[in-house]
Amino acid sequence: MTKPWRRSADWPSIGVILFATLLIGGIWGAVELLSRRGEQHRIEDAKRVNANLARVMEEHAARSFEYVDEILTAIARRASVEGEALDLPYVFREIEINSKIIINLVITDATGLVVKGSHGMQSISLADREHIAVHLARDTGKVFVGKPVQGRINRQWSLVMSRRINRPDGSLQGVVAAAVDPFYFTDFFKEIDLGPGGSVGVAGFDGVIRARLDDSGGYIAVNVSGSALFNQASTIAVGAMIATSRADGVTRVFAHRRVRGYPMYVAIGTDLGWELAEAKGHTRTYRVVGGVVSVLIALFALGLIWLERRARREKELVADKDRLGHLVEERTAALKSRQEALEKANAELEVLNLDYLGEKEAALKANRAKSDFLSNMSHELRTPLNAIIGFSQLLATEEKIDDEHRHFSELILGSGKHLLELVDEVLDLTKIEAGKLVLNREAVSCAAVIADCAAMIGPLAESRGIAVVVDEIGDAAVKADRMRFAQIVINLLSNAIKYNRDKGRVTVEVGRAADERWRIAVKDTGKGIDRAGLAELFKPFNRLGAEKTNIEGTGIGLALVS
């Protein structure tokens, strides 16, 4: 069935649509690019500002920790020297300790029992407190910054820093601890506008917040280990990132910095939505403008398409009749041309087929003539050869002849046998090519056939000092013509010996192959065959250059094997 005539594609309209689409796409691409760049620049600015604030916060925290550590070090030395005579309240007033940082000081004995206090002494045991127990266990030689704890007497939260007190002989005397106001670190930023949702905090590498301040107020002792901010801050000294706070679930732009000399980090965060508010306002403006421009471009493109189609439709109505007439004439002429070409090709094919049949018949006749000739010649040669072999055997056994004539008779006998083997192989080859070779299939033991063949070929191998080794075969059996199977093995073994080196080795291996067959491999230590000769290996009468040597052979054995 012929296909209906179709009008060509509306390329002008397609072009206008593609141009308008690309233009609108470019506008919206620019809108999104400007929006993303604006947001990215705002985020980078926020990270930079927060990083500067984090640097200030880190310096403030480091100096505060160092100040407290200096106080603890000084008191620990005096306690080591003065012992029970140390007046801790007097020392607290004497060195004018900043009470905005340090709330109070206590000294415990070697068991963790409080023995002195800067604001009075309460005889209670603090041995279970982390900041005391760490020094009772061993001498770290460092100040310890503990987690925020609630006082057992005043119930006030504090961040405790402690140092071990050693006697002059180095043994444990006790621990001095300072209760630090945790919000001293965050109150430093109360006057700085971090915007709604902003936060500032100090946390340890153990994941516990020491002090934190945001819109809801200040809080401490929240575990944020495993959060994205903690993972990054505990890995690198200085960094910035966008993360959702585990403390309150708000997504912020964070900048963090490791506190110099202490296992702490400070973090400054501003609310991501607040940071991007201005950029999102610009994005809305860009999108409104992009939408208006897109609508105008679309209306203009539709107008152009309508005008172009109207003009083209008028021209098409005039040209349709002529176009249809030309199309019918062209298709009629093409059909006629194809029919003539097909008829010509059929005629040429018939001629070629006749030539092929003639050549095939001639080749078959020549092959049959060759096979008949070889068969007749082989039969004609067998009778005189048998006579020559018989008389040679009689002559070799004659006692009256001398050694020279006996040697000549043995040469005649060997040559006759070799020629008879050649005739037998030619007969087998002609039978195979003519498809007349009859096989008597029966169950044959591989071990028995290979053992018989190895025994038959043994004298030839012994004459050259070649060892014939047959691997363990087991009960391998095949269904084959026993005589032809033995003929194949003998051909392979004789070739392995003839083309081997003196005192070499021939190995026969039998193993299971695919699809329940047995694989028989005959290996020798001869020089082998190059790759170029492998393609010619099984062609009749082709000895691969061995005919130029003194090695006996006809070049038929492997052809029969294949």
**Message:** Counting other beta carbons within 10 Å of each residue's own, what order do Lys47, Lys315 fall into, fewest first?
**Reply:** Lys315, Lys47
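To make sure I understand, if each residue's beta carbon is the centre and we count other beta carbons within 10 Å, what order do Val266, Val318, Val489, Val115 fall in, fewest to most? Mind showing how you got there, number by number?
Values: Val266 29, Val318 8, Val489 22, Val115 17.
Ascending Cβ contact count within 10 Å gives the list Val318, Val115, Val489, Val266.
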**Asked** Fully extended, how many nm does the chain gain between Glu130 and Leu296 (0.36 nm per residue separation, minus their Cα-Cα distance)?
**Response** 52.6 nm
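Arranged by the count of other C-beta atoms within 10 angstrom, fewest first, what order do Met161, Met483 take?
Met483, Met161
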**Request:** Please sort by residue number the GluC sites (Glu not before Pro) in region 172-281 whose DSSP state is loop and whose Cβ has at most 12 other Cβ atoms within 10 Å.
**Result:** Glu191
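Too long at a 22 Å Cα-Cα cut-off: which of Lys100/Lys147; Lys100/Lys190; Lys100/Lys142? Could the numbers behind the result be given before it?
Working: Lys100/Lys147 19 Å; Lys100/Lys190 15 Å; Lys100/Lys142 24 Å.
Among Lys100/Lys147; Lys100/Lys190; Lys100/Lys142, the Cα-Cα distance tops 22 Å for Lys100/Lys142.
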**Message:** Name the residue from Ala279, Tyr265, Leu357 whose Cα lies farthest towards the positive end of the charge dipole of region 254-364, charges +1 on Cβ of Lys and Arg and -1 on Cβ of Asp and Glu.
**Reply:** Tyr265
**C-alpha center-to-center spacing [region 155-207, region 227-280] in angstrom** = 20 Å
**Request:** Based on a Kirkwood Rh over C-alpha pairs, give the Stokes-Einstein translational diffusion coefficient of region 438-528 at 4 °C and viscosity 1.567 mPa s in µm²/s.
**Result:** 95 µm²/s
**Distance in nm between pseudo-label sites at Arg138 and Lys100 (7 Å out along the Cβ direction from Cα)** = 3.9 nm
**Request:** Just report the Cα centroid separation between region 83-142 and region 477-491, whole Å.
**Result:** 104 Å
**Item:** Charge dipole (region 98-172, unit charges on Cβ, about Cα centre) - positive-most of Thr140, Gln150, Leu113
**Value:** Gln150
**Positive dipole terminus of region 438-528, leading residue within Val478, Ser494, Ala454 (C-beta point charges)** = Ser494
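Computed from the coordinates by the stated procedures, all read-outs in this text should not be read as laboratory data. Everything quoted here is computed from the prediction, not taken from an experiment. Please note: Cβ atoms are built from the backbone with ideal geometry, for glycine as well, and neighbour counts cover all protein chains shown.
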